[in-house]
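Heads up, the thing below is written out as structure tokens.
The values are calculated or read from the model by the stated rules, or taken from the named source; none is laboratory data. Just so it is clear, the structure is predicted and the values come from calculations on it, not from any experiment. Positions of Cβ are generated from backbone atoms using ideal geometry, with glycine treated the same way; all protein chains shown enter the neighbour counts.
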Amino acid sequence: MGKIEVGVGFSENPDVEEAVREASIKLRVKFSSTKIDLCLVFFSFSQGEVKKLFSNIKLVLNPSLTVGCSLPLLIAEKKVFSKGLILVAFSNTRVIGNFSPLKKNILEDTEKFIWRLVRRVKGERRFFLCLANISGFSPIFLRGLERGLGRSFPLLGLFSHKEYSLPSFLLYNEDILREEGIVGLLFLDDLEAFFEINSGFTPLGKEAFVDSFSKDTIYKIDNRPAIYFYKNYFGERLENSREYFQRVSRRYPLGFKTEGFPNYIVSSPIKLNSDGSFKLFKEVPSSRVRLTIPIRDKLISCVEETVKKAKFKSFKVAIFFEGFNRFRFLKFFYPSQLEALKNLLGDTPLVGGVAFYHLGLLSSSDLNLGHFIGENSFSLLILGDK
Amino acid sequence: MENLEFLSSTGVSLFFFLISLAVIILLAIFSLKKMDRIRILEKEVRRLENNLREMDEQAKLIVKTDLELSRVQEELDKRVSGLLALQRLSQSLSSTLEEENLFLAIREDLISGLGFSSCLIVLKKEDSLVAPVSIGVNDEFKKMMVSQEGVDFLRFLVGKKVISHKDISPEFEYLSQKINFKSFLASSIQSKDNPLGFLILGNTFQEEISGGALEIAEIFSSQLAQSLENIRLFEEVFRSRQELEERVKERTNSLQEALEKIKKISRLKSEFVSAVSHEFRTPLTSIKGYASLLVQEKFGKIPAEVRLRLERINQQADTLVNMINELLDIARIESGRSKIEIQKIELSEMIKRIADYFYPQLKGKNLQLILTLSSLFVEADKSLLERVFINLLSNAIKFTPQGKKIEIKCEKKDNYVEVSVRDEGIGIPQEDLENIFKEFYKIDNPLQKEVKGTGLGLSLVRNIIKAHRGEIWVESKAGEGSKFIFTLPLAQESKI
């Protein structure tokens, strides 16, 4: 098997056929003599247009495996765009994929799904990439993944929750477009991959202690109902206005300090309960908590610092998933972040998208830190040669 | 012995007492030190607590400032997004001059960029209302807005700036119940004082409307009015232009037809004149011949009275022959049948020669002839050009009283020659100036009537000049003399 090749193409054309034609021009040249084993597709087309999208990709590039999902916003090079298509093609790579609707028991179904994949390759596995859209409890889904793959297995994924975000569509080979389920890809090659999840939110105020919590709900902080943690900074108005609480908790997420991880794991409470407790989108990561604040310069410099950690001789591709909440704070300054990223990555293709949630291992330098689902953070995957 | 025992026991007691005292003192010292240490630690804890409190207070202040900043930033972001969308919308609106395309340009994404989820545009069309744009509006409300309720609502909006759902008059409060928005803005679409319709921008989720949204709605509505006015003006101009083009076409056709008719009539007239003149000439020659023979008494003596009559016949026959000749010349030149033999002519020489012919007449009337001539060459038919000078000079002599001046001037102007014959004669009344070159035209003036002429001379002159690609005109005032000016193209050599 030859050296793994990765190519990227994108188009902002709102017409499906034109977009496929434009995005595949470079890829057809690059892969003129080699078969495309995998084509990752990120798109913004409506459900009705996806069949045409898939058949056009098949017609133009004829990859062995095609998987993808819709995203609210797409990122390619130095641009963010809301209409279009991104294609990431891999050749000379050994990869297997599958789809599962995950409709009954999220934990068991996810675990079984992973086992089915793993069995096919007799335990040989290097890296897992998943695209999921489920309606169940997200920490359970993550636990299902960990049961199947192990607590420190390298993975990266996009996650969409039907209750909390816009519907996302999943694409898996010639299957019809799915609104719910998981598309998983298991890479078997010795891929050199750097990955990290980070946010750049700045902690402030004194550290507090989570005294009482269960799974995703924090009941008490510093021996008082959890709401008092926010009331301390934002006053009594919080309890009376849920809209204000949501606005505040989105802008000032909780930063959890975990042993061994230098950064704060940032998470926004998504629901305020009547007893003053609040619910997170994921399991409570640790008991040491501080308030965090988004400062634009810090958000951008955090991305730069993260890329600098990837010590590769050369990069093949950088896949960047941005949390929607974090994107909202940068907004008009977002091109500055992409500019900073491209300055560090040079000619390496940079693609990705803005998604509501993304998941993966917190850091490739310490796999024992475990997996994480982020909404205020970004996840970066760089494939390259060491 | 007892004393010794007593001393010994007292000493031991004292010893223990002293030891105990020392221990107590040491313990006290140690305790005091500990207490100090505790106090220092407590102080340190208090300091740390204060620091943490201060840090928290600072954090509160930072958060408060950031919250305010983010609110301002959000407002600013909304305005920037709104203005960007408005700019895109304005570009789309101003890039079309067709009403249909104008409304197609108002797309959902642009309305959303302006910060609204819905848009309804209602316009007056003849005697009714229509809704060419309806984005995110329920059908019931749309139907209501194009009926009498819409007419009343438009009347309410006219003359007002943009109003929000909160400012709506009680009589229209029922609209808020029918509409599927949580908040909305409404504005009339007005071109000058003419209300064209109205615009409603709504939000399905958001209750509050920012100041920026009001401005954006105001700009949008005036931009819309401007575009609709532009379209109306363009259509008006386009229609008028089409009508004008049609009229010009019709007029050109009728003029072309008239011109063809005139040409045909003129040709027929020339042919007729030519034919008739030819026919006249033969009998006239006979009449004149016989009259001459009779005067010469070739057929016997004739009485004096008869001679006088015969001489008059002879003279009138001469006049008639001249007239016929001139008519024939005019007809020939007009029809293009006259052969013009072009040659290079030195004008000053020709003018001097012609002036010599008229020497007797000039002397007879004691007229002074001034020649201001440059040596210039023209390409012309010599005999025709001579007839021009002869006609003009003889006219000048005829109509100039005794002792006055006549001036002939010849000068170069650009690439042509301008020749003028100016007299100090009776002049031509203003109303006759434009007719003077017409055939048989005679000025209604006693003196003019005295002077004999065919009435064809100036017409012939004009035809000759035109045949040579020149122009002729007259400048004159009654009683102050006349100046006949004509131009001729310069011969090639003279141009240099």
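Pick from segment A:298-313 the residues that are away from chain B (no Cβ under 14 Å) and touching a Ser or Thr at 6+ places or on another chain (Cβ under 8 Å): which of them is surrounded by the fewest Cβ atoms within 10 Å (Cβ to Cβ)? Give the steps one after another, and end with the answer.
First, the residues of segment A:298-313 that are away from chain B (no Cβ under 14 Å): A:300-313.
Within this subset, residues satisfying the condition of being touching a Ser or Thr at 6+ places or on another chain (Cβ under 8 Å) are A:300, A:302, A:309.
Working: A:I300: 20, A:C302: 20, A:K309: 14.
Ranking the candidates gives A:K309 first.
Within the bounds of segment B:168-176, is there any residue that is outside any strand (DSSP E or B) and among the small types (G, A, S)? Quick ask: steps written out before the conclusion?
Of segment B:168-176, the ones outside any strand (DSSP E or B) are B:168-176.
Within this subset, residues satisfying the condition of being among the small types (G, A, S) are B:169, B:176.
Scanning segment B:168-176, I find at least one residue that is outside any strand (DSSP E or B) and among the small types (G, A, S), so the answer is yes.
Across segment B:351-361, which residue is farthest from B:G425 (Cα to Cα) among those that are part of a helix (DSSP H, G or I) and at pLDDT below 90?
Of all residues in segment B:351-361, those part of a helix (DSSP H, G or I) come to B:351-357, B:359-361.
Keeping just the survivors that are at pLDDT below 90 gives B:353-357, B:359-361.
Details: B:R353: 23, B:I354: 20, B:A355: 18, B:D356: 21, B:Y357: 20, B:Y359: 18, B:P360: 18, B:Q361: 15 Å.
That would be B:R353.
With A:S377, A:S364 as the choices, which residue is under 19 Å from A:R247 (Cα atoms) and either within 16 Å of the chain's Cα centre (by Cα) or modelled with pLDDT under 85 (or both)?
A:S377
Could you give every pair whose Cβ atoms fall below 8 Å, whose first residue belongs to segment B:456-481 and is basic (K, R), and whose second residue is at pLDDT 90 or above and crowded, with 20+ Cβ neighbours inside 10 Å, counting only separations of at least 6 or pairs across chains?
B:R462/B:I472; B:K466/B:I472; B:R469/B:L488
Looking only at residues that are assigned to a loop (DSSP other than H, G, I, E, B) and surrounded by 21 or more Cβ atoms within 10 Å (Cβ to Cβ) in segment A:248-260, which one is farthest from the other protein chains (Cβ to nearest Cβ)? Write out each step before concluding.
So in segment A:248-260, the residues assigned to a loop (DSSP other than H, G, I, E, B) come out as A:252-253, A:258-260.
Next, from what is left, pick out any that are surrounded by 21 or more Cβ atoms within 10 Å (Cβ to Cβ): A:252-253.
Working: A:Y252: 7, A:P253: 13 Å.
So, considering only residues that are assigned to a loop (DSSP other than H, G, I, E, B) and surrounded by 21 or more Cβ atoms within 10 Å (Cβ to Cβ), the one farthest from the other protein chains (Cβ to nearest Cβ) is A:P253.
Assess whether A:K279 counts as being closer than 27 Å to A:K308 by Cβ and not assigned by TED's automatic domain parsing to the domain that holds A:N376. I'd like the intermediate steps shown before the answer.
On the way: closer than 27 Å to A:K308 by Cβ: no; not assigned by TED's automatic domain parsing to the domain that holds A:N376: yes.
No; evaluated as a whole, the condition is false for this residue.
Restricting segment B:63-77 to residues that are facing chain A (nearest Cβ under 9 Å) and within 18 Å of B:G115 (Cα to Cα), which is surrounded by the most Cβ atoms within 10 Å (Cβ to Cβ)?
The residue in question is B:S70.
Starting from residues that are in contact with a helix residue (DSSP H, G or I) (Cβ under 7 Å, 6 or more places away or on another chain) and of a type in the set (S, T, Y), keep the ones in segment A:190-237 and report whichever is farthest from the other protein chains (Cβ to nearest Cβ).
Applying the filter and picking the extreme gives A:S199.
Can you pull out every residue in segment A:31-48 that is surrounded by fewer than 18 Cβ atoms within 10 Å (Cβ to Cβ), touching a strand residue (DSSP E or B) at 6+ places or on another chain (Cβ under 9 Å) and either of a type outside the set (V, I, T) or part of a helix (DSSP H, G or I) (or both)? Steps first, please.
To start, the set of residues in segment A:31-48 that are surrounded by fewer than 18 Cβ atoms within 10 Å (Cβ to Cβ) comprises A:32-35, A:46-48.
Remaining after also requiring touching a strand residue (DSSP E or B) at 6+ places or on another chain (Cβ under 9 Å): A:34-35, A:46-47.
Hits for segment A:31-48 are A:K35, A:S46, A:Q47.
In the list B:S375, B:S383, which residue meets the criterion of being in the same structural domain as B:S482 (by TED's automatic domain parsing), in a helix (DSSP H, G or I) and of a type in the set (S, T, Y)? Give the steps one after another, and end with the answer.
Values: B:S375 fails: in a helix (DSSP H, G or I).
So the residue among B:S375, B:S383 that is in the same structural domain as B:S482 (by TED's automatic domain parsing), in a helix (DSSP H, G or I) and of a type in the set (S, T, Y) is B:S383.
Here are the criteria: (1) in the same structural domain as B:S420 (by TED's automatic domain parsing); (2) assigned to a loop (DSSP other than H, G, I, E, B); (3) surrounded by 12 or more Cβ atoms within 10 Å (Cβ to Cβ). Tell me which single one B:I302 does not satisfy.
Unmet condition: (1).
Which fully enclosed strands (runs of 3 or more DSSP E) of segment A:56-133 have 3 or more residues being aliphatic (A, V, I, L, M)?
Working: elements: A:65-70, A:73-76, A:79-81, A:85-91, A:95-100.
Filter on segment A:56-133 gives A:73-76, A:85-91.
Any residue that is touching a residue at least 24 places away in the same chain (Cβ under 8 Å), within 14 Å of chain A (Cβ to nearest Cβ) and within 60 Å of the chain's Cα centre (by Cα) - is there at least one of those in segment B:89-100?
no
Which one of A:F320, A:F327 is in the same structural domain as A:S70 (by TED's automatic domain parsing), in contact (Cβ under 8 Å) with a residue 40 or more places away in the chain, assigned to a strand (DSSP E or B) and under 20 Å from the mean Cα position of the chain (by Cα)? Walk me through how you get there before you give the answer.
Working: A:F327 fails: assigned to a strand (DSSP E or B).
Every option except A:F320 fails the conditions.
Failed condition for B:I209, given (1) in a helix (DSSP H, G or I); (2) surrounded by 16 or more Cβ atoms within 10 Å (Cβ to Cβ), with all others met?
It fails just one condition, (1).
Would you mind finding the one in A:F209, A:F169, A:F201, A:F195 that is under 14 Å from the mean Cα position of the chain (by Cα) and of a type in the set (F, W, Y)? I'd like the intermediate steps shown before the answer.
Values: A:F209 fails: under 14 Å from the mean Cα position of the chain (by Cα); A:F169 fails: under 14 Å from the mean Cα position of the chain (by Cα); A:F201 fails: under 14 Å from the mean Cα position of the chain (by Cα).
Matching residue, one of A:F209, A:F169, A:F201, A:F195: A:F195.
For B:A22, indicate whether it is modelled with pLDDT of 85 or more, within 23 Å of A:F234 (Cβ to Cβ) and of a type in the set (G, A, S).
No; evaluated as a whole, the condition is false for this residue.
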